[in-house]
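All remarks here apply to the structure that follows.
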Amino acid sequence: MAVHVSGSRTDELMAKRDQYVARGVSLAPIIADHGHGARLVDVDGKEYIDFAGGIGVLNLGHTPDAVVAAIKQQAESMLHSCFPVAAYEPYLEVSRLLCEHAPGSFAKKAVLINSGAEAVENAVKISRYHTGRDGVITFDRGFHGRTLLTMTLTSKLVYKKGMGPFAPEVYRAPAPYPYRGITAKDALASLDFMFKATVDPESVACVILEPVQGEGGFTVMPKEFIQGLKERCEQHGIIYIDDEVQSGMGRTGTLWAIEHSDVVPDLMTVGKSLAAGMPLAGVVGRAEILDSVHPGGLGSTYGGNPVACAAAVESIKAIANDEFLAHARVFGERIMGRLEEMAGRHQVIGEVRGIGPMAAIELVTDRETREPASAVAAATVSGALERGLLLLKTGIYDNVLRILVPIIATDEELDTGLDRLEESLAAAV
Ligand SMILES: Cc1ncc(COP(=O)(O)O)c(C=O)c1O
């Protein structure tokens, strides 16, 4: 049984979980009962400030009132019809909102599905159909999901070990990681070399990149890398897929993280905070690319479920407005400021990085050698739990602490959470 905190009801349910739930599902340390805003309460009544946000799903926090009201209303009128069988308005409205708010002034279209992985699968399928090419370029430390194709695109071994053979025609290129010596220039040079030595760029359908790598350690892709990649795509007729599943929906202080680089992608994958906790994801982008697929070539039974779409309409309205995004930027500065102060006090923090409220600290045993301090990160997460803070690690070495706190958290909640983080870090070193 995994280590956990709290009381007897938790013990009881953990035993049930251990008996009935496959152990391949990561072992959560708490059993949640209910949540609101930035707070989550477990089955024994212990309250946590939630810096995990359901892994980037809760930019609007737990149970946002307008979203819950829309879910209730939609649940009472229709739970499901299957969009290709009987279409309905919430799907149309989410598609309209996504097309309106995705980058680019050209005509756009969207397809809605259930999960981020499915969005990535569809973006790749559409790119292959449109270009008539097979190749897909993915990047070191990228995370794109856990289905066969998306697991192939994903970097970290824990997500794919023992599960091959993997999907063919996937090529992995280095991604910038300035803190560990890989610059945008290096990464672009490697890609150019790859186009000479490994794969003919004229056989590549698409590239897929997260503008800020989520599971890969909150590594920010430098603007010049994103721009250089887009230039190469244009040169070779390759579709640029921007994976915004984790970095989108206001997480970086703009609606989409790619906006920081002034690049307009051809296709974008969205999910997580899109529907504030309901399962919904989508692909949005150039109409001529989306429309190249024949009728019946896209879709799924539950894709764009009406209840999830009703939630998404409210979620997009709440996030895609100047006031919310301006707040997100101020909120991000507050987090970054506090993390920088912590770095001044704790040698174990090698780097503070991120954009806006998508912030993280990379822990190292020594600031010179930059040896990953994975054990300190693990102990900090456990200590935070004891102190009432839900916190997540990330990165290939699991030595990065990432902050995915709801952007609607109060200043007091944010500060208390950051205090708990710092106390836990100091105790873990
Ligand atoms: C960038 C990115 N893409 C895709 C996915 C897969 O999304 P899902 O877990 O909804 O399938 C994730 C999930 O963490 C992600 O962070």
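The values are calculated or read from the model by the stated rules, or taken from the named source; none is laboratory data. For clarity, every value in this text was computed on a predicted model and none was experimentally measured. Every residue, glycine as well, gets a Cβ built from its backbone with ideal geometry; the counts of neighbours run over all protein chains shown. All accessible areas refer to the heavy atoms of the entire protein, side chains included, with ligands and DNA or RNA removed. Shrake-Rupley method; radii C 1.70, N 1.55, O 1.52, S 1.80 Å.
When GLY337, GLY332, GLY354, GLY395 are screened for being more than 19 Å from the chain's Cα centre (by Cα) and modelled with pLDDT of 95 or more, only GLY337 passes.
Listed by first and then second residue, the pairs linking a residue in region 13-42 that is on the phi > 0 side of the Ramachandran plot to a residue that is surrounded by 11 or more Cβ atoms within 10 Å (Cβ to Cβ) and assigned to a strand (DSSP E or B), with Cβ atoms under 6 Å apart and 6 or more places separating them unless they lie on different chains, form an empty list. In the condition set (1) open to solvent by 30 Å² or more (accessible area, probe 1.4 Å); (2) part of a loop (DSSP other than H, G, I, E, B), LEU60 is compliant with all but (1). Just so you know, in region 241-257 the residues that are among the aliphatic types (A, V, I, L, M) and crowded, with 24+ Cβ neighbours inside 10 Å include one that is nearest to the chain's Cα centre (by Cα), and it is VAL245.
Of everything in region 233-251, what is within 13 Å of the ligand (Cβ to nearest atom), over 25 Å from LEU191 (Cα atoms) and not hydrophobic (A, V, I, L, M, F, W, C)? Give them in sequence order. Within region 233-251, GLY248, ARG251 qualify.
Of the residues ALA373, ALA326, ALA287, the single one that is crowded, with 16+ Cβ neighbours inside 10 Å and either at pLDDT 95 or above or under 20 Å from the mean Cα position of the chain (by Cα) (or both) is ALA373.
I'd like the residue in region 24-43 that is open to solvent by 60 Å² or more (accessible area, probe 1.4 Å) and not β-branched (Val, Ile, Thr) and, out of all such residues, is nearest to HIS62 (Cα to Cα). In this case the residue turns out to be HIS36. Being surrounded by 15 or more Cβ atoms within 10 Å (Cβ to Cβ) and not in a helix (DSSP H, G or I), is that true of even one residue in region 117-128? No - not one qualifying residue is present in region 117-128. What are the pairs with Cβ atoms under 9 angstrom where one residue, in region 204-216, is within 13 Å of ASP242 (Cβ to Cβ) and charged (D, E, K, R) and the other, located anywhere, is modelled with pLDDT of 95 or more and within 8 Å of the ligand (Cβ to nearest atom)? Sequence gap at least six, or different chains. Sorted first by the residue in region 204-216, then by its partner, the pairs are GLU210/GLY142; GLU210/PHE143; GLU210/HIS144; GLU210/ASP243; GLU210/GLU244; GLU210/VAL245; GLU210/GLN246; GLU210/SER247. Among the conditions (1) outside any loop (DSSP other than H, G, I, E, B); (2) within 21 Å of THR138 (Cβ to Cβ); (3) within 14 Å of the ligand (Cβ to nearest atom), the only one that ILE289 does not satisfy is (3). Residue by residue through region 259-282, note down the ones that are open to solvent by less than 10 Å² (accessible area, probe 1.4 Å) and more than 12 Å from the ligand (Cβ to nearest atom). Hits for region 259-282 are SER261, PRO265, LEU267.
Residues that are crowded, with 23+ Cβ neighbours inside 10 Å and closer than 22 Å to GLY354 by Cβ within region 227-240 comprise just one, LEU229.
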